[in-house]
Amino acid sequence: MDNSKYRKVLFRQENKETDLTNEYRQKLKNLFPEFLSSDVEKVLAIMPLAGPIYGDPYEQRSKVKNGIHGKLTDIQLTTGEVICLISRIYFAEPSVELENELTETQKQILNCIYSRHHNGYIREERLKHLFGSDHEWVIFFKLQLLGEYVIEILFELDKHINGSNINQYKQLIFNNIKYWEQTKSRVTSYWNEYYRYPNYKKIEDYIGYKIMKRIT
């Protein structure tokens, strides 16, 4: 390939990467209300959004074409503002040194984002860092985890939803009935598929169902 053709190919590749990175940034910004935009920008600045992305980011296997997977879900906040949740991300975590430079609010934002990671261990660990954080923009990230299948995460989530904040959850699901109905259906489906036999023959004994009924 001559130099001119090589430069054209390289230019197209760089443009494609830039476009995709910008798409990532916009989708991640849409996860949060507008008043957090400057803090979200600081968080995105330390995330490895550009370059190759792997299904297992720590072993560089199973390279994936897109760092954000799954359908988007619109959620209405009590202010009337709409945010858009995502299903999964595949980005590696930023370095501890960079993360430590963030403010507390920015760390919460980062933890919310990585609670959507495809790796269940990362989701569980990030959820632990959100304990005691009951802002409504945080609550929906927790509710997303309720409609998933990793039972260890559900046991951790059980600690987060209690008498001190239950009314906030009730209000938010009241404003998003369709979303809540879908979440409840997922709880039942995952119980039936993964946990009904041999441990939880009665759905009332399943931790996901217990949390769901507490909110409802």
Mean-square fluctuation maximum in Gaussian network of the chain, Cα pairs under 10 Å, restricted to 119, 100, 162, hits 100
Looking only at 203, 83, 153, which one moves most when the chain is put into a Gaussian network model with springs between Cα atoms under 10 Å?
203
Roughly speaking, to the nearest percent, how much of the chain's 1.4 Å accessible area is carbon and sulfur?
49
Can you give me the relative contact order of the chain as a percent, contacts being Cα pairs under 8 Å and 6 or more apart?
15
How long is the gain from residue 171 to residue 45 if the chain were fully straight, where each residue apart is worth 0.36 nm and the alpha carbon distance is subtracted?
42.0 nm
Subtracting the Cα-Cα distance of residue 196 and residue 95 from 0.36 nm times their residue separation yields 32.4 nm
Would segment 37-159 count as rounded, prolate or oblate if I go by the C-alpha gyration tensor, calling it rounded below 1.5 in a/c and otherwise prolate when a/b exceeds b/c, oblate otherwise?
rounded
Heavy-atom surface of the chain, accessible at 1.4 Å and reported per residue (Å²)
55
Once phi is turned into θ = phi - 60°, what whole-Hz ³J(HN,Hα) does the Karplus curve with 6.51, -1.76 and 1.60 give for every residue of segment 94-105, x standing for Gly and Pro?
x, 5, 4, 4, 5, 5, 5, 7, 6, 6, 4, 4
Among 134, 205, 39, whose mean-square fluctuation peaks in a Gaussian network model of the chain (Cα, cutoff 10 Å)?
205
27 Å Cα-Cα threshold exceeded, pairs from 27/107; 42/170; 142/210; 128/170; 27/142; 42/184
42/170; 42/184
Run the helix sum for the chain: -39,500 (n - 2.57) per DSSP H stretch of 4+ residues, divided by residue count, reported at 222 nm to the nearest 500 deg cm²/dmol.
-16500 deg cm²/dmol
Given 25 °C and 0.890 mPa s, compute D for the chain with the Stokes-Einstein relation, Rh being the Kirkwood radius over Cα pairs; round to the nearest whole µm²/s.
131
Between residue 205 and residue 134, what is 0.36 nm times their sequence separation minus the Cα-Cα distance? Round to one decimal in nm.
22.9 nm
Determine which aspartates and glutamates satisfy two conditions relative to residue 202: a Cα distance under 16 Å, and not lying fewer than 8 residues away in the same chain.
193
13 Å reach of a label modelled at residue 77, 7 Å along Cα-to-Cβ, counting backbone N of segment 140-179
140-141
Report ³J(HN,Hα) in whole Hz for each residue of segment 106-115, in order, from the Karplus equation J = 6.51 cos²θ - 1.76 cosθ + 1.60 where θ = phi - 60°; Gly and Pro get x.
5, 5, 4, 4, 4, 5, 4, 4, 7, 6
Mean Cβ neighbour count within 10 Å, used as a protection proxy, ranking 72-78, 135-141 highest first:
135-141, 72-78
For residue 64, residues with placed amide H under 5 Å, excluding near neighbours:
53, 54, 55
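The values are calculated or read from the model by the stated rules, or taken from the named source; none is laboratory data. What you see is a predicted model, and the numbers here were worked out from it, not measured in a lab. Cβ atoms come from the backbone with ideal geometry, glycine included; neighbour counts cover every protein chain shown. The accessibility values were calculated without ligands, DNA or RNA, using every heavy atom of the protein model including side chains. Shrake-Rupley method; radii C 1.70, N 1.55, O 1.52, S 1.80 Å.
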